[in-house]
Every structure is written in structure tokens, then in C-alpha cells.
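Let me begin by presenting the structure, written as C-alpha cells, before commenting on it.
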Amino acid sequence: MSPTEPTIIGALSPSRAGDFMTCPLLYRFRVIDRLPEPPSPAAVRGTMVHSVLERLYDLPAPERTVDAARGLLEPEWRRLLTEEPAYAGMFTGDDDHARWLAEARAMLERYFTLEDPTCLEPAERELYVEAILGSGLMLRGYIDRLDVAPTGEVRVVDYKTGSAPGAAFEAKALFQMKFYALVLWRLRGSVPRLLQLMYLGGDGEVLRYSPDEADLLATERKVQALWEAIERALETGEWRHRPSRLCGWCNYKELCPEFGGTPPPVPARQPGDTLRSTRPAKASRAATDEL
């Protein structure tokens with residue numbers, strides 16, 4: 001670490017920041033306790049679709065067709081299954097698996113109704129970014145796609161395999177994108193021109209937003225406040241549960257007081273549990289979701 005760099009007090013990714021905003025106890029189970037979760041068919045399908053869209057742009061522009069995307073799906077599934085054989089247990093039978101693949105195929109087909117990949121040459125795909133705020137908090141994560149215009153303007157693109165949120169939830173959906181825009185601004189000194197969320201579920205929809213410096217300064221304050229709240233929870237050991245309709249999808253209900261459960265004792269905070277003094281030489285997607 002350079003002597004001019006601040007000491008790293010911790011690290012935060014958009015997904016874990018989202019966990020804490022949703023429910024501090026959920027954040028604790030995932031980050032502090034690191035409790036295992038069973039593979040989710042929806043999450044694995046999302047990973048697979050993301051991978052296919054990343055690899056689609058390996059092809060020459062004229063070959064980026066719907067048929068090409070469909071052809072990448074099965075090999076990508078086999079690759080994921082080789083890396084994690086437990087994924088095979090997500091399905092109740094062949095029909096269930098076939099429906100799951102059909103839904104993934106429909107998402108890829110829907111993508112082609114939202115934009116024409118033969119007209120694009122992304123500057124980056126699956127780009128890992130990190131930046132350290134003045135406080136020493138590291139922000140980091142993976143950006144699905146970065147497009148750079150000949151004039152230098154930057155568009156940040158994120159694929160979502162769910163349906164577009166209602167107006168009341170757009171701000172929450174955009175938080176992740178503003179998080180990435182903040183990181184890029186701190187890294188490169190310029191604010192991205194456009195943030196673009198592409199929803200491949202439902203009828204397909206594109207949500208676009210043009211941030212400015214005031215937006216990103218507000219996002220920085222919000223992220224810093226989140227980290228301070230996380231630090232207070234670490235110091236006090238109080239990780240409050242926050243009931244919401246999202247509880248229905250939680251894998252930790254049996255440990256949650258809302259459902260009559262009792263959380264396990266908070267594990268001791270050991271050196272290496274945080275990034276107070278070191279940075280990973282090379283981060284993976286999993287590594288970006290650590291405290």
C-alpha cells in the first residue's frame with residue numbers, strides 16, 4: 001500500500017450494502033457468520049444468463065444473433081454444473097429443469113428486443129472496480145458492461161433477470177448503479193454519462209438514469225453512513241432484524257426472531273475478517289462480498 005493511501009477500514013459491495021439496508025441481521029448472517037445458503041434456481045439462472053451475454057460479445061458483431069445466444073446456453077450450464085455439482089439438486093426432475101432452461105432462453109431472446117448487440121462494442125465486460133474513499137472505506141464490485149462512446153462518454157450497463165420494479169422501488173434499483181458510478185468517478189475523475197438497467201424478466205424493460213456530481217456525493221454520504229451503522233452493530237453486537245415482504249425468500253428464517261428462531265452467538269472478530277490492512281491481490285465475485 002502506498003504511504004499516501006488511507007488505511008483501509010473495511011470494504012463494501014452494492015449487494016452487501018443492499019443486504020444491510022434490507023435487514024441488518026441478514027447482513028450479519030451472510031458476512032459475519034458466513035452461513036451457507038442453498039443454491040437458488042433464480043440466482044443460478046441469473047449467473048448463467050449473465051455469462052452467456054458476456055460471451056456473446058466474444059463473437060464477431062455479425063454473429064451475435066439470437067441463435068448464437070441460445071447455442072451458448074447449454075455449454076454455459078454444463079460449465080456451471082462442473083464447477084458446482086450441487087446445482088443439479090435444485091430441480092425436482094427433468095421437466096423442472098427443462099422449464100428452468102426455457103425461462104433462461106426466453107430472457108436471452110428478450111434481450112434482443114431491448115438492444116442490438118451487432119451495433120455495440122463494449123469497452124469492458126465483467127469489470128472489477130474498487131476505489132477507496134477518504135475515510136478508508138473501500139467500495140468494490142463487478143460491472144456487467146461498460147460502453148464508451150467515441151467522444152469518451154461512459155455508459156454503465158447492468159443486466160437484471162427479474163422484472164422491472166414499480167416506481168416506488170426504482171430508487172432502490174438505481175442505488176447499485178449509483179454505487180458503481182461513484183466508484184468510477186473516484187477512479188477516473190469523470191461522472192458516467194448514463195446508467196442503464198436492462199430487465200430481462202417480464203415484458204423486458206430498460207431503466208436509464210443520468211447522474212451528476214450531486215447524485216454521487218449523496219450516494220457517497222449514504223454509503224459512508226451505512227458503513228458507520230455496520231461498525232456500530234459490530235461494536236454493540238446488535239444486529240436487528242427488519243421484517244418485510246422479502247422475508248418470504250430468506251434462507252435464515254429458522255434463526256430469525258421474527259419466526260421464533262434464535263440467532264447463534266456472534267462469532268469473534270478475527271484479523272483477516274475485514275480489510276483493515278490488506279487488499280486482495282486478485283478479487284473474485286465472492287470476494288467482493290466480504291466485510
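Table for the structure above
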item: Relative contact order (%) - the stretch 140-219, alpha-carbon pairs under 8 angstrom, separation at least six; result: 32
item: Nitroxide proxy distance, nm - points 7 Å out along Cα→Cβ at THR92 and SER135; result: 4.6
item: Computed [θ] at 222 nm, deg cm²/dmol, the chain (DSSP H ≥ 4; -39,500 (n - 2.57); rounded to nearest 500); result: -12500 deg cm²/dmol
item: Normalised contact order of the chain, rounded percent, pairs of Cα under 8 Å and 6 or more residues apart; result: 26
item: Largest to smallest accessible area among ASP116, ASP33, ASP67 [probe 1.4 Å]; result: ASP67, ASP116, ASP33
item: P(r) histogram, all alpha-carbon pairs of the stretch 1-112 included - 5 Å bins from 0, percent; result: 2, 9, 16, 15, 13, 14, 13, 9, 5, 3, 1, 0
item: Length gained when the stretch GLU231-THR113 is fully extended (0.36 nm per residue, less Cα-Cα span); result: 38.0 nm
item: Extension reserve of the GLU213-TYR57 stretch, reckoned as 0.36 nm per residue once the Cα distance is removed; result: 53.0 nm
item: Net +/- balance of residues flanking LEU146 in space, Cβ distance below 9 Å, scoring K and R +1, D and E -1; result: 0
item: Dipole in debye (nearest 20) - the stretch 89-224, about Cα centre, beta carbon charges: Lys, Arg +1; Asp, Glu -1; result: 560
item: Projected area, mean over directions - the stretch 158-244, Cα convex hull, nm²; result: 7.2
item: Span-rule helices in the chain, defined as complete DSSP H runs reaching 15 Å or more along the axis (Cα) with Kyte mean at least 0.0; result: 41-56, 170-188
item: Charge context of SER135, other residues only, Cβ under 10 angstrom, K/R +1, D/E -1; result: -2
item: Under-5 Å amide H pairs with GLU124, H placed in peptide plane, nonlocal only; result: LEU146
item: Reported label for calculated log10 I(q)/I(0) by the Debye sum over Cα atoms at q = 0.07, 0.13 Å⁻¹ given (1) -0.26, -0.93; (2) -0.30, -0.86; (3) -0.29, -1.04; result: (3)
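The values are calculated or read from the model by the stated rules, or taken from the named source; none is laboratory data. Given the structure is predicted, the values throughout are model-derived calculations rather than measurements. Using ideal geometry, Cβ is built from the backbone for each residue, glycine included, and neighbour counts are taken over all protein chains shown. All accessible areas refer to the heavy atoms of the entire protein, side chains included, with ligands and DNA or RNA removed. Shrake-Rupley method; radii C 1.70, N 1.55, O 1.52, S 1.80 Å.
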